[in-house]
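> Quick one: the structure is below, questions incoming.
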Amino acid sequence: MTEPKNSIICPVCGKTAKRLPIHVNPLYRCDECGFLSSDENVVNISYGDPRSASLSNLYPHEFILYGLYPTTNLSEKQITCPSMESFLQGLKIQDKDLQNIFMRNYSGMAAYKMSAILNDWKDSQTLWFNGVPYNRYSDEYTELITKAYDALFETNVIFREIVLPKFKGKILIHTTGKDDRSDTVLTEEEFRYQLNRLMKRL
Ligand SMILES: [Zn+2]
């Protein structure tokens with residue numbers, strides 16, 4: 001995992017919440033609205049923390065994406081991903097057959113650990129799915145990510161019925177997430193948006 005940041009976007013008001021240097025564990029405070037990350041209502045999502053690991057993209061919540069392969073072969077019209085990270089990292093692979101193998105077979109942590117050698121997309125700011133290019137800043141890309149999170153919600157009953165309800169009403173943050181869209185396939189803000197959106201579907 002990367003180092004905690006010096007500041008995060010305040011999940012309450014959208015201003016900057018600064019890291020307080022006196023604490024070993026990352027602690028953030030927003031001077032604008034008083035948000036404090038140590039509040040018991042705040043969950044800092046981390047795969048290394050058993051209290052929040054099950055919300056991490058690295059967690060092995062298997063899910064099925066349907067209807068994405070325009071083919072007459074029914075078995076190819078869906079893809080089963082072992083975790084969200086498998087899907088997200090796989091978007092960096094242009095060749096659709098190699099991507100398919102990657103997304104179906106590489107676990108969250110295995111996929112995450114390949115992120116550093118899958119960095120070519122940053123030059124073109126283009127991600128790929130099933131042979132179709134997606135500009136990182138396009139609405140179509142956001143819709144693709146949204147479709148994947150909806151698939152996680154709809155096809156993984158444990159994630160939907162056990163995990164998400166546990167965190168309903170909590171303020172979610174992810175202090176190791178990146179903020180720059182050109183540097184990551186999913187920013188902290190995009191990640192929070194997707195989870196908060198799914199919470200509202202409960
Ligand atoms: Zn704030």
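Here, each number is a calculation from the coordinates, and none is a lab measurement. Every value quoted in this text rests on a predicted model; they were computed, and no experiment measured them. For neighbour counting, all protein chains shown are included, and Cβ atoms are generated from backbone atoms with ideal geometry for every residue, glycine included.
> At 222 nm, what helix-only mean residue ellipticity would the chain give, in deg cm²/dmol to the nearest 500, using -39500 (n - 2.57) for each DSSP H run of four or more?
Helix contribution divided over all residues of the chain: -8000 deg cm²/dmol.
> If a cysteine in the chain has no other Cys Cβ under 4.7 Å from its own Cβ, put it on the list, ordered by number.
Cysteines of the chain left without a disulfide-compatible partner: 81.
> With a 10 Å cut-off between alpha carbons and a GNM built on the chain, which of 118, 88, 55 moves the most?
118
> Based on the inverse mean of 1/r over its pairs of different Cα atoms, what is the Kirkwood hydrodynamic radius of the chain, in Å?
17.7
> At a Cα cut-off below 18 Å, give the lysines reachable from residue 200, other chains included and same-chain residues fewer than 8 away excluded.
147, 166, 168, 170
> Can you tell me which lysines have their Cα less than 17 Å from the Cα of residue 96? Leave out same-chain residues fewer than eight positions away.
Cα-Cα hits under 17 Å: 77.
> Can you give the convex hull volume of the alpha carbon atoms of region 63-160 per residue, in Å³?
Cα-based convex hull of region 63-160, divided per residue, equals 96 Å³.
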